[in-house]
1. Do we find a residue being closer than 19 Å to G417 by Cα, surrounded by fewer than 17 Cβ atoms within 10 Å (Cβ to Cβ) and polar (S, T, N, Q) anywhere in the stretch 531-541?
2. Only one of these conditions is not met by L248: (1) surrounded by fewer than 16 Cβ atoms within 10 Å (Cβ to Cβ); (2) touching a Ser or Thr at 6+ places or on another chain (Cβ under 6 Å). Which number is it?
3. Which condition from (1) modelled with pLDDT under 95; (2) assigned to a helix (DSSP H, G or I) is the one that E510 breaks?
4. Select, from D263, D286, the only residue that is closer than 20 Å to M226 by Cα and of a type in the set (D, E, K, R).
5. Return a yes/no flag: does the stretch 604-620 have any residue that is surrounded by 15 or more Cβ atoms within 10 Å (Cβ to Cβ) and assigned to a helix (DSSP H, G or I).
6. Among the residues that make up the stretch 298-315, is at least one of them without any contact (Cβ under 8 Å) to a residue 24 or more places away in the chain and on the phi > 0 side of the Ramachandran plot?
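The values are calculated or read from the model by the stated rules, or taken from the named source; none is laboratory data. Small disclaimer: the values here were computed from a predicted structure and weren't measured. Every residue, glycine among them, receives a Cβ derived from its backbone with ideal geometry; neighbour counts consider all protein chains shown.
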Amino acid sequence: MEEESTTAEPHAPASAAGSAPPTPARKTSIASAKSKDHTEQHAFTNPTLNIIHSLSRKPSTNELSIPSREGTPPPLPPRPQLGLLSSRPSTAHSSTPPRPQLVSKATTQLSLTNTQAIGNETRDDSSASSASKPRNFPGVHIASRNVSDADDSASVRSYVPTTEAGGDGESILGEVMGEQEKTDQEKALLRTLGHRFEDTEAQSMFMPDPEFEAMFGHEFDEIDDMAMDGSNEEAVMRQWRAKLKHFLILSSAGKPIYSRHGDDQLITNYIGVVQTIISFYQSTNDTLRGFTAGDVRFVVMSKGPLNLVAITRLPENDSQLRAQLEALYMQVLSTLTLPSMERMFAARANYDLRRPLQGTETLLSALADGFTRGSPSTLLSALECLKLRKSRRTIINNTLLKTRSENLLYGLIVASGKLVSVVRPKKHSLHPGDLHLIFNMLFEAGSVKAGGGENWIPLCLPGFNNTGYLYMYVSFLNLEHPTEQIQERPRTSDGADDEVAVLLISAEKEGFFELRGMRDDLVENLQRNGSIDAIRTAVKQGRPKCTDIVPGSPLRHFLYKSRGNVQFTMPSYAPYFEGALERRRLLNLYNKLHSNLHNKPTTLKVHHETNTTCIALAWSTPLFELYAVAPANTSRAALAQSANKIIQWVRKEEERVFIIGGAVF
């Protein structure tokens, strides 16, 4: 079309013709119109012919003077029964020498569906599929699709989520999200092919990666001990190198303190190399933050007399690894306190810190294994709460205030690793890192589990005060008989921990019996007002599925973080991510989304990624962060629509899924 428009020449005005008799050009136009009427009687099945004749039927503003914009059309496959093009009348410029024949041939690549889509000016996913696709790395990496300027502006326009229910709204990608009713024919087709859709739903969200699966399957296996004669040294070293993730803690003098995998005999050489590199940078008044060797990332964090190192082949960025190292450092401080640790190293630089930390290796290892398995709480730096009605949570809060003892500093009720209620002093709140340490101690490490149903634990909460100890009374409840003292931790019939604990924290060293009395009064009142039954029901129900939250949603999973409350909510891992491997791969995807969303110096509001098996969305505002995952056959419009419905659901259920304020005294 561009070539034809450039060959057109200006002509005299139409008024110059006056009342002159019809020229050959006018006769030709009349004949051409008759031919058009004749051709309209035929039902063309070739879309290319439809396009040509639809163009030829467009009215001209000056039929006398403006030449035809068609010229000689390209040759088409022979159709003897029609003979349309061969009998086409000549135009007003028939005397002009014909143009050279076009090189391109007739094609049927443009389908009728695409023609209609272009005519309606709608965006279709097929346009994206025709673009060049980046290479996908199976199992871990997925290809990122950059958002165009138009998409970005659309996202900014709809920065505030739609919260009105029952109406059409603009999605985060600038698309209209009206509910489209399916025709009876479409519904019948879906019912006929229902089993095929079920098979597709049952497929994994991730590309097969046998190497990663094999390595992760042995990630938590213990490494064999080194033989006295060193005969199995090479085999043991292979086991150590095969681990996807390592954590090392060493003193500034290079003395090993903790290693997740391997004993001193195995890791001494590696610790020496790491300490040499760190010391080299420190000698130049510089700080080593990290480096890469092959496909392995090393991240170093120096904290006073300690150096903490994370070594990983998982898709995690430096800030995520630093948050994990910070949690390990807080775990060390929770046992020693900062002043006592500094005094130890001030007295002797090569002090062996393993002696005062003896017995806490299980806490450090449980924390490290949680990071390796994948921890949404650590990734988002937020807490998860048990979903309860607002009125029920208010009753529990009031019961905590009613039974509060004089020396109580903090009181918490925790169920299955989720916070139920908290009572705290005014203008003081527990740091999420401190609560993470407490939850790790209660629900992950075996040390507290071995202590039965009642414990008195001195600990330091570094986020609250890293210079002194607090004392925590822990009592696990038997939900069937909550007033009875239990000797063992309760477990559900299927073997999964279904535990509810009362945590009472005080600065009083001799406050054990006082807090035990508060616990008895609290449990008695909770049982009387029906709160124990409500907690039991909520624990058994667990997290809802995505389809329970948004019926018919294509989402497989999501993470929603409330920035103001520093809390998050998510659906059940079932049925798509029940295994440890699938959860790890899901967290790999969330790690990548989180990294791309928070990359500096530019931070995105919306980040969209896709590969052959899944499509994912990350969305950040001053109020919340949302990460959502769906199968690859989900359109961007459907994904955006589901994301907006998740926002609406959270706004509606906000005081059920989050603790807002809590009980304050």
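1. Checked against the condition, which is being closer than 19 Å to G417 by Cα, surrounded by fewer than 17 Cβ atoms within 10 Å (Cβ to Cβ) and polar (S, T, N, Q), the stretch 531-541 yields at least one hit.
2. So the condition that L248 fails would be (1).
3. Result: E510 passes all but (2).
4. D263
5. The answer is no; no qualifying residue exists.
6. no
Quick grid of which residues meet (1) in the same structural domain as A580 (by TED's automatic domain parsing); (2) buried (at least 19 other Cβ atoms within 10 Å of the Cβ); (3) modelled with pLDDT of 95 or more:
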site: R354; (1), (2), (3): no, no, no
site: T360; (1), (2), (3): no, yes, no
site: R393; (1), (2), (3): no, yes, yes
site: I396; (1), (2), (3): no, yes, yes
site: T399; (1), (2), (3): no, yes, yes
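Listed here are the residues, each with its yes/no results for (1) on the phi < 0 side of the Ramachandran plot; (2) at pLDDT 90 or above.
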residue	(1), (2)
H261	yes, yes
I267	yes, no
I278	yes, yes
Y281	yes, yes
T284	yes, no
G294	no, yes
